[in-house]
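The values are calculated or read from the model by the stated rules, or taken from the named source; none is laboratory data. If you're wondering where the values come from, they're calculated on a predicted model, not measured in any experiment. Glycine also receives a Cβ, built like all others from the backbone with ideal geometry; neighbour counts cover every protein chain displayed.
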Amino acid sequence: MKYAKQIAKVESGTMNRTELSKLKQNAKTKLKQGEEDAKYVIDSINQASPSDSYILFMGFCPNADLENRLDIEWKEKGICTFQYYESETQEDRFNKVCKGDLVVLKKIQQYGKTMRLYGHGRVKKISYYENNKRYLEMDWSNQEEVIEVPLMGANATVNIKSIEIVEEAMPEEFFDWLYCEELAVN
């Protein structure tokens with residue numbers, strides 16, 4: 001295969017998000033130029049876990065209304081979707097989520113101040129609907145406790161943060177909530 005070396009590097013898990021993004025753009029360009037093998041590079045990138053892991057704080061209530069909550073369906077189906085296509089910025093953020101990233105379900109409680117968290121899970125796989133819209137296949141936690149913590153990021157549906165930024169900003173209560181299942185097993 002023409003791009004075996006690139007695919008092996010992607011699958012090694014040593015590439016960070018930026019490197020994977022550049023390689024994906026190059027592969028898309030090659031594919032448009034008629035190099036069909038470039039699709040295998042794109043497929044491997046879509047399933048790669050970058051060396052730098054992120055946390056996505058994801059809103060799940062269209063129009064900020066709990067009556068419209070999507071999290072119950074997401075957990076039942078093992079998915080996470082993006083619905084707010086009017087915002088290119090937020091769609092771009094959602095499209096940066098990778099396999100292995102943590103998704104935390106949030107609803108803003110006090111604008112500009114706090115959010116409530118309703119669950120979390122890990123991205124198992126990146127998939128696409130027939131209309132080429134991306135969704136995340138998830139391994140959702142059984143965590144059912146809802147907690148209120150300081151708001152991470154803007155009043156937006158999609159907020160991606162590095163682990164380091166979250167560790168600096170979040171209180172200990174967040175990490176107790178996040179890891180309570182693991183602690184209960186030990």
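Of note:
- Single condition Ile147 does not satisfy, out of (1) buried (at least 18 other Cβ atoms within 10 Å of the Cβ); (2) in contact with a helix residue (DSSP H, G or I) (Cβ under 6 Å, 6 or more places away or on another chain); (3) of a type outside the set (Lys, Arg); (4) at pLDDT 90 or above: (1)
- Being in a loop (DSSP other than H, G, I, E, B), out of contact with any Lys or Arg (no Cβ under 7 Å at 6 or more places or on another chain) and either at pLDDT below 95 or surrounded by fewer than 16 Cβ atoms within 10 Å (Cβ to Cβ) (or both) holds for only one residue in Ser44, Ser51, and it is Ser51.
- Apart from one condition, Gln83 fits all of (1) at pLDDT below 90; (2) outside the structural domain of Gly153 (by TED's automatic domain parsing); (3) not basic (Lys, Arg); the exception is (2).
- From the list Val104, Val97, the one residue that fits, being closer than 25 Å to Leu20 by Cα, buried (at least 18 other Cβ atoms within 10 Å of the Cβ) and at pLDDT 95 or above, is Val104.
- Residue in region 10-18 that is buried (at least 20 other Cβ atoms within 10 Å of the Cβ) and more than 26 Å from Phe175 (Cβ to Cβ) present: yes
Each row is one residue, and each column tells you yes or no for (1) among the hydroxyl-bearing types (Ser, Thr, Tyr); (2) at pLDDT 95 or above; (3) on the phi > 0 side of the Ramachandran plot.
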residue	(1), (2), (3)
Ile108	no, no, no
Tyr128	yes, no, no
Arg134	no, no, no
Glu137	no, yes, no
